[in-house]
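Chemist: For reference, the structure I am asking about is given below.
The values are calculated or read from the model by the stated rules, or taken from the named source; none is laboratory data. All values derive from a computational prediction rather than experimental measurement. Cβ sites come from the backbone with ideal geometry, for glycine too, and all protein chains shown count toward neighbours.
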Amino acid sequence: MEAIPKIFKEMPRRERFSIAPLGEYYMDLLTIDSTINARSKATQANSLLCAKLQEREQRIRARVEYLASKRGIGADELWIQILKGEFEDLKPEEIKEMEDDELE
């Protein structure tokens, strides 16, 4: 029997991560919320996190714009640096150099 050729490219597995324990009160709320919405706690927690990130998206983008401006680069460039894991905090001496450059 011949092997069926793969037509579709396999999707990469999504990274899973864990969060710190919620504490008794918030775990109780999540248990109740997930139950009355007929979802697992993991599914409901995912939904709540996504909703909160959507709510904060504009503030997150504004913070990225601020940090990019401070570094003299575009927000899109900084966004990519963050996603690649290349973002680093500015060191005090780098900030001093930037201030000195502005004064010249």
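Chemist: If you take the residues in region 81-104 that are closer than 16 Å to TYR66 by Cβ and not charged (D, E, K, R), which one is modelled with the lowest pLDDT?
Modeler: Of everything passing the filter in region 81-104, MET98 is modelled with the lowest pLDDT.
Chemist: Of all residues in region 7-48, how many are in a loop (DSSP other than H, G, I, E, B) and either in contact with a Lys or Arg (Cβ under 6 Å, 6 or more places away or on another chain) or polar (S, T, N, Q) (or both)?
Modeler: Matching residues across region 7-48 total 3.
Chemist: Restricting to region 66-104, what's the tally of residues that are aliphatic (A, V, I, L, M) and without any contact (Cβ under 8 Å) to a residue 12 or more places away in the chain?
Modeler: Count: 7.
Chemist: Continuing with the same structure: Are any residues in region 36-73 surrounded by 13 or more Cβ atoms within 10 Å (Cβ to Cβ) and of a type in the set (Gly, Ala, Ser), and if so, which ones?
Modeler: Matches in region 36-73: ALA45, SER47, ALA68.
Chemist: Within region 74-101, how many residues turn out to be outside any helix (DSSP H, G or I) and under 29 Å from GLU15 (Cα atoms)?
Modeler: Of the residues in region 74-101, 7 are outside any helix (DSSP H, G or I) and under 29 Å from GLU15 (Cα atoms).
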